[in-house]
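Step one of this worksheet: look at the structure below.
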Amino acid sequence: QVQLVESGGGLVQPGGSLRLSCAASRITFNRYTMGWYRQAPGKQRELVAGITSTGSTNYGDSVKGRFTISRDNAKNTVYLQLNSLKPEDTAVYYCNAAYGYINYWGQGTQVTVSS
């Protein structure tokens, strides 16, 4: 079965950095648009960043200039570099793989930004 496994979350101080990884298995990875979403307590899940099969990227307004999404098709992995972290970035971060009407989700990784 398809698996998306996130890693790299944790506790970081404001202004710090993290790098999240999402390793995919049992999909033709290079065909999929990959994305990172996040959900904070009491809030709706929101798009953080996405990257298409051709490498085009888009970002949520609140993270532009601070976060960077990238992919390594040889490793079936998508990354999210989080810089200049703020307490409001605290959330569970989810990896998503999309191809047409097909959507897969990872289990999520917690990112907590606190001093």
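Structure summary
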| quantity | calculated |
| --- | --- |
| From the options R31, R26, residue that is over 12 Å from the mean Cα position of the chain (by Cα), without any contact (Cβ under 8 Å) to a residue 40 or more places away in the chain and open to solvent by 30 Å² or more (accessible area, probe 1.4 Å) | R26 |
| Subset of the stretch 99-115 that is more than 22 Å from L82 (Cβ to Cβ) and not aromatic (F, W, Y) - its residue that is farthest from the chain's Cα centre (by Cα) | G100 |
| Residue list for the stretch 87-115, filter: open to solvent by less than 60 Å² (accessible area, probe 1.4 Å), part of a strand (DSSP E or B) and either over 15 Å from V5 (Cα atoms) or hydrophobic (A, V, I, L, M, F, W, C) (or both) | A91, V92, C95, A97, A98, I102, V111, T112, V113 |
| Breaking point among (1) farther than 22 Å from K86 by Cα; (2) open to solvent by less than 30 Å² (accessible area, probe 1.4 Å), for T52 | (2) |
| Output for the stretch 1-55, where each listed residue is in a strand (DSSP E or B) and of a type in the set (D, E, K, R) | E6, R19, R38, E46 |
| Filtered residue count, the stretch 1-43, keeping only those that are farther than 24 Å from Y99 by Cβ and of a type in the set (D, E, K, R) | 2 |
| Test set (1) assigned to a strand (DSSP E or B); (2) under 17 Å from G8 (Cβ atoms); (3) hydroxyl-bearing (S, T, Y) - S84 fails condition number | (1) |
| G15 vs. criteria over 11 Å from the mean Cα position of the chain (by Cα), without any contact (Cβ under 8 Å) to a residue 12 or more places away in the chain and open to solvent by 50 Å² or more (accessible area, probe 1.4 Å) | no |
| Members of the stretch 56-81 that are buried (at least 22 other Cβ atoms within 10 Å of the Cβ) and in a loop (DSSP other than H, G, I, E, B) | V63 |
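The values are calculated or read from the model by the stated rules, or taken from the named source; none is laboratory data. Please read these numbers as outputs of a predicted model, since none were measured by experiment. Using ideal geometry, Cβ is built from the backbone for each residue, glycine included, and neighbour counts are taken over all protein chains shown. Only protein heavy atoms, including side chains, enter the accessible area calculation; ligands, DNA and RNA are left aside. Shrake-Rupley method; radii C 1.70, N 1.55, O 1.52, S 1.80 Å.
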